[in-house]
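See structure below.
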Amino acid sequence: MNQQHFVEYLGIKALRASHPGVRRLKRQQNGHSAHGNKVWRSSFVLMDYLHSYPPEPSSKVLDIGCGWGLTGLFLAQQYQAEVTGIDIDHSVAPFLALQAELNQCVMNFQARGFETLTRTELSDYQLLIGTDICFWDEMTQPLFNLLDLALNAGVKRLIIADPGRPPFWALVDLCVEAFAAEVVTRRIYQPWKTEKYLMVIEA
């Protein structure tokens, strides 16, 4: 494959908009409903953090607002994680499938909102991740409720990555008080120089 159509980081390939398969899928679709229309740079920063602090091998991982699934696919490929991604935007599914094929790994996908997750479902997972998911003020409280439910269900670690939007910091304030959450500033230099914030909650 022409390397101009993807970027590679930590052994995982991320599709560029120029990839023929991506261009074909975008022509077939009538837009996107929830910003799941590309790979976000926060995903690379979260991958970098998880490379330093990986999950146990074969962990069950839930990726909320997974988009094209880059971080989940990284965990599936590098740590044999059993990853389920959920996204309210059903149109991301073929892009995730294309990226999974490119990286020769598997990730489950469900088209649904995170607020539909039940405690019983959450109890199956050891790690919950999300990137660039707290972008509207009205999402802060539902995300806090989800994280609370996940901790009560026995999820061991929760990590939310964000460039630092105001709704994310509002979520951080709630989680620091309720769960002793910590915020990590992390910078990477490849494939781009970028700095993001990670909210980490350890059960």
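Readers should treat all values here as calculations from the given coordinates under stated rules, not as data from a laboratory. For clarity, every value in this text was computed on a predicted model and none was experimentally measured. Every residue, glycine among them, receives a Cβ derived from its backbone with ideal geometry; neighbour counts consider all protein chains shown.
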Under a Gaussian network model of the chain whose springs join Cα atoms within less than 10 Å, the largest fluctuation of F74, F44, F95 belongs to F95
Placing +1 on each Lys and Arg Cβ and -1 on each Asp and Glu Cβ in region 3-202, then taking the dipole about the Cα centre, the residue among Y79, V172, A14 whose Cα reaches farthest towards the positive end is A14
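Output the peptides 137-143, 127-133 sorted from most to least packed, where packing is the average of other Cβ atoms within 10 Å over each peptide's residues.
Values: 137-143: 15.3, 127-133: 25.6.
Going by the mean number of other Cβ atoms within 10 Å, highest first, we get 127-133, 137-143.
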With the charge dipole of the chain built from beta-carbon charges (+1 for Lys and Arg, -1 for Asp and Glu) about the Cα centre, the Cα from G67, V200, F135 projecting farthest to the positive end belongs to G67
So the FRET efficiency between N108 and Q4, C-beta based with R0 = 35 Å and rounded to 0.05, is 0.70
Counting lysine pairs in the chain that sit 8 or more positions apart or on different chains, with Cα atoms under 29 Å apart, gives 16
Length gained if H90 through Q190 is fully extended, taking 0.36 nm per residue and subtracting the Cα-Cα distance, is 33.0 nm
